[in-house]
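Visitor: This is the structure I want to talk about, given as structure tokens.
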Amino acid sequence: MNPSTIIGMIASTILLVSVLFFTAESPQSFINLPGLAIVLAGTMAATFISYPLKEVVRVVRLVGLVFRRENTYIRDDIKELVDISRLWFKGDVRAVEAALEKARNPFLRTGIQLVIANTKEEEIFDLLRWRIARLKAREHAEAQIFRTMATYAPAFGMIGTLVGLVNMLEVMESGDLHVIGPRMAVALLTTFYGILLANLVFKPIAVKLERRTEERLIAMNMVLEGISLITKRRLPSFIEETLNSFVANYHDEIRDSVVTKPDATDGQTQNA
């Protein structure tokens, strides 16, 4: 399980429980199934209208990625690239092909196979960069679906509120506050559901998927750099050091986090 997702779920649960049990006379006053149905059904209906069916179905399956910790296996890719570079540097093509059969990264396999086939360096990079761009575009579109749902949910919450207000206006002639009050509460609950789903479900999932894409792009660019160095027949030790720089943690290279200011008394002494 992804620890940040667990922390977020626990925090959101505590928040909702606090709202239900400490700010309302009855927790049941925050439960309105018709209002929730309006928000969910309306959001899903608008999403299906906006996107093809296969894209929506594929994105729904990606929700599970938010709850589990996905490993990009960058360290394994670095080790495989360095091992292959040693074999390639020695000119042992058969050993390189044997090593490729054990590689789990299809992007890495494609690049090395093109190198073995003596493909031009520019053509290798064009193909691999196209695959990177394709992955980036596809996964950006997947995250965008959840951002679109986050836009629809509050809108359908307002629709539910308008429906509730219309129902409330029908009973206003009676002047019975015991009837008008509950109708008004129900009308506002749909807006509450829409905002809650947008900011606590749909947007966080979109951000999570975008962060996943960033990590995958870093891994793919790392492999691309490794293949580039192999085609240039750089030393394996140099390749290993370069690839490790992709996963190393660095401080800000523009400025230090703590800037030491000159002491005022020192400045006065020097000016004296």
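The values are calculated or read from the model by the stated rules, or taken from the named source; none is laboratory data. Keep in mind that this is a model prediction, so the values were computed, not measured. Cβ sites come from the backbone with ideal geometry, for glycine too, and all protein chains shown count toward neighbours. We work out accessible area using only protein heavy atoms, side chains counted, and drop any ligands, DNA or RNA first. Shrake-Rupley method; radii C 1.70, N 1.55, O 1.52, S 1.80 Å.
Visitor: If you count only protein heavy atoms with a 1.4 Å probe, what accessible area per residue comes out for the chain, rounded to a whole Å²?
Guide: On the way: 17500 Å² over 272 residues.
In whole numbers, the chain has 64 Å² accessible per residue.
Visitor: Further, regarding this structure: When the helix-only estimate is applied to the chain (DSSP H runs of n ≥ 4, each -39,500 (n - 2.57), divided by the residue count), what is the mean residue ellipticity at 222 nm, nearest 500 deg cm²/dmol? Walk me through the numbers before you get to the answer.
Guide: Numbers: 12 runs with 210 residues, N = 272.
That calculation yields -26000 deg cm²/dmol at 222 nm.
Visitor: Quick one: angle between helix 106-116 and the longest Cα principal axis of the chain, in degrees between 0 and 90, rounded to 10, please.
Guide: Here the helix axis deviates by roughly 20 degrees.
Visitor: Let me ask another. Can you compute the charge dipole magnitude of segment 108-223 about its Cα centre, using +1 on each Lys and Arg Cβ and -1 on each Asp and Glu Cβ, nothing else charged? Give it in debye, rounded to the nearest 20. Intermediate results must be reported in sequence, preceding the final value.
Guide: Working: 14 positive and 12 negative charges, 106 e Å.
The dipole of segment 108-223 has a size of about 520 debye.
Visitor: Can I ask one more? Determine the dipole magnitude for the chain: charges of +1 sit on the beta-carbon of Lys and Arg, -1 on that of Asp and Glu, nothing else is charged, the reference point is the Cα centre, and the result goes in debye to the nearest 20. Please report the intermediate quantities before stating the final value.
Guide: Values: 31 positive and 30 negative charges, 191 e Å.
Rounded to the nearest 20 debye, it is 920 debye.
Visitor: Return the carbon/sulfur percentage of the accessible area of segment 87-177, one whole number, probe 1.4 Å, all protein chains in place.
Guide: Working: 3170 of 5550 Å².
The C+S portion of the solvent-accessible surface of segment 87-177 is 57 percent.
Visitor: Next question. What Kirkwood radius, in Å to one decimal, follows from the Cα pairs of the chain?
Guide: On the way: mean 1/r = 0.0421 Å⁻¹.
Computed over Cα pairs of the chain, the Kirkwood hydrodynamic radius comes out at 23.7 Å.
Visitor: Next question, about the same structure. If I model a spin label as a point 7 Å beyond the Cα along the Cα-Cβ vector, how far apart are those points for GLU215 and HIS178 in nm?
Guide: Taking the two extended label points, one gets 5.7 nm.
Visitor: Let me ask something additional. Taking the Cβ of ALA98 as the center, what net charge do the other residues with Cβ under 14 Å away carry, scoring Lys and Arg +1 and Asp and Glu -1? Display every interim value, and only then the final one.
Guide: Numbers: positive: ARG86, LYS90, ARG94, LYS102, ARG109; negative: GLU80, ASP83, ASP92, GLU97, GLU101.
Value of the local net charge: 0.
Visitor: Here is a further query. For the chain, build the charge dipole from Cβ charges (+1 Lys, Arg; -1 Asp, Glu) around the Cα centre, then report which of THR213, ASN105, ILE31 sits farthest towards its positive end.
Guide: Positive-most Cα among the choices belongs to ASN105.
Visitor: Taking a probe of 1.4 angstrom, what is the accessible area of TYR73 in Å², to the nearest 10?
Guide: Answer for TYR73: close to 90 Å² accessible.
Visitor: Between ARG68 and SER18, how many nm apart are label points set 7 Å from Cα along the C-beta direction?
Guide: It works out to 3.3 nm between the two label points.
Visitor: Moving on to the next point. What does the charge add up to near ARG233, with Lys and Arg as +1, Asp and Glu as -1, over the other residues with Cβ less than 13 Å from its Cβ?
Guide: +3
Visitor: Using 0.36 nm per residue of separation minus the Cα-Cα distance, give me the extension gain between THR151 and ILE116 in nm, one decimal. Numbers along the way, then the final one.
Guide: On the way: separation 35, 0.36 × 35 = 12.60 nm, distance 4.89 nm.
Once the chain is fully extended between THR151 and ILE116, it gains 7.7 nm.
Visitor: Given the pairs LYS79/LYS232; LYS90/LYS120; LYS90/LYS232; LYS136/LYS232; LYS54/LYS136; LYS136/LYS208, which span a C-alpha to C-alpha distance of over 25 angstrom in this model?
Guide: Values: LYS79/LYS232 18 Å; LYS90/LYS120 20 Å; LYS90/LYS232 14 Å; LYS136/LYS232 27 Å; LYS54/LYS136 18 Å; LYS136/LYS208 14 Å.
Beyond 25 Å: LYS136/LYS232.
Visitor: Can you tell me how much longer the chain between ALA185 and MET44 gets when fully stretched, taken as 0.36 nm per residue apart minus their C-alpha distance, in nm with one decimal? Write out the running numbers ahead of the final one.
Guide: Details: separation 141, 0.36 × 141 = 50.76 nm, distance 2.44 nm.
Net length gain for the segment: 48.3 nm.
Visitor: Another question, then. Can you give me the distance in nm between label points at ILE195 and VAL163, each placed 7 Å from the Cα along the Cα-to-Cβ direction?
Guide: It is 2.0 nm.
Visitor: Would you check the accessible area of ASP83, probe 1.4 Å, heavy atoms only, in square angstrom rounded to 10?
Guide: 60
Visitor: Let a ≥ b ≥ c be the square roots of the eigenvalues of the Cα gyration tensor of segment 22-89; is it rounded (a/c under 1.5), or, if not, prolate (a/b larger than b/c) or oblate? Please list the in-between numbers first.
Guide: Working: a/c = 7.90, a/b = 2.31, b/c = 3.42.
Here segment 22-89 falls in the oblate category.
Visitor: Could I ask something else about it? Quick one: longest stretch of the chain between exposed loop GluC sites (Glu not before Pro), exposed meaning at most 10 other C-beta atoms within 10 Å and loop per DSSP? Present the calculation step by step, with values, prior to reporting the outcome.
Guide: Working: sites that count: GLU25, GLU253.
Formally, the longest exposed-site-free interval is 26-252.
Visitor: Hey, got the dipole for segment 51-122? About the Cα centre, +1 on K and R Cβ, -1 on D and E Cβ, debye to the nearest 20?
Guide: Working: 14 positive and 11 negative charges, 69 e Å.
The dipole magnitude comes to about 340 debye.
Visitor: If you don't mind, another one. Calculate how steeply helix 177-197 sits against the longest principal axis of the alpha-carbon atoms of the chain, using the helix alpha-carbon long axis, and give the answer as 0 to 90 degrees to the nearest 10.
Guide: Long axis of 177-197 versus the principal axis of the chain: about 10 degrees.
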